[in-house]
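Peer 1: The structure is given below, and queries will be raised subsequently.
The values are calculated or read from the model by the stated rules, or taken from the named source; none is laboratory data. Because the structure is a prediction, the values reported are computed rather than measured. Neighbour counts are summed over all protein chains in view; Cβ atoms, including those assigned to glycine, are modelled from backbone coordinates with ideal geometry.
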Amino acid sequence: MRDHAETEEATEKNVARLQSFAEIVGTEVISGPLNDTGKSPGRPLREYLELAKGTCIYNMPVPSVDQHRLRSVAKLTGDEQLRRIATAGTIPISLDHLKDRDSETLVRVGYKITYSPEEIQQLGLDNPDERT
């Protein structure tokens with residue numbers, strides 16, 4: 001049984017890549033709202049499943065700064081998938097690999113956007129993704 005799953009959205013042009021994930025939180029020490037890795041300490045799986053409203057897909061809200069960046073990259077590259085995500089304002093994250101886990105299992109969800117060097121330069125991104 002898998003404890004971690006990632007999905008990627010990218011074009012064949014090897015440009016901006018969006019990776020989403022849902023993973024079980026391990027035994028690492030958690031302090032404050034973020035642990036020492038800079039990631040959320042997680043929430044009970046039950047909460048994500050409730051938010052998914054009977055499906056195994058949690059639609060994670062995308063902050064406006066990332067929506068803007070995704071729109072800009074989509075315009076630059078013609079990437080329709082990134083444009084759809086930016087327009088929707090959410091990233092679909094699969095919870096399917098966790099459905100057999102106890103509902104109180106702590107789960108961390110998120111995403112990371114990786115830009116090509118050309119995109120960073122053309123879009124003038126100083127800090128493309130502070131989570132890197």
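Peer 1: Are any of the residues in the range 67-82 aliphatic (A, V, I, L, M) and in contact with a Cys (Cβ under 8 Å, 6 or more places away or on another chain)?
Peer 2: Looking for residues that are aliphatic (A, V, I, L, M) and in contact with a Cys (Cβ under 8 Å, 6 or more places away or on another chain), one finds none in the range 67-82, hence no.
Peer 1: Next question. Within the bounds of the range 32-50, is there any residue that is under 23 Å from LEU98 (Cβ atoms), among the β-branched types (Val, Ile, Thr) and at pLDDT below 85?
Peer 2: Checking the range 32-50: at least one residue is under 23 Å from LEU98 (Cβ atoms), among the β-branched types (Val, Ile, Thr) and at pLDDT below 85.
Peer 1: Would you check if there is a residue in the range 81-90 being at pLDDT below 90, within 27 Å of VAL25 (Cβ to Cβ) and among the hydrophobic types (A, V, I, L, M, F, W, C)?
Peer 2: So far as the range 81-90 goes, no, none of its residues is at pLDDT below 90, within 27 Å of VAL25 (Cβ to Cβ) and among the hydrophobic types (A, V, I, L, M, F, W, C).
Peer 1: With (1) modelled with pLDDT under 90; (2) among the β-branched types (Val, Ile, Thr); (3) in contact with a Gly (Cβ under 8 Å, 6 or more places away or on another chain) as the list, and VAL62 as the residue in question, which single condition is left unmet?
Peer 2: Only one criterion is unmet by VAL62, namely (1).
Peer 1: I'd like to check something: does the range 98-109 contain any residue that is at pLDDT below 90 and surrounded by fewer than 17 Cβ atoms within 10 Å (Cβ to Cβ)?
Peer 2: Yes, the range 98-109 has at least one match.
Peer 1: Are there any pairs with C-beta distances below 8 angstrom linking a residue in the range 74-95 that is over 17 Å from THR114 (Cβ atoms) to a residue that is of a type outside the set (Val, Ile, Thr) and surrounded by fewer than 15 Cβ atoms within 10 Å (Cβ to Cβ), with the two at least 6 apart or on different chains, and if so which?
Peer 2: ARG83/LYS75; GLY89/PRO61; THR90/PRO61
Peer 1: Please go through (1) under 15 Å from the mean Cα position of the chain (by Cα); (2) assigned to a helix (DSSP H, G or I) for THR87 and return the number of the only condition it doesn't satisfy.
Peer 2: (1)
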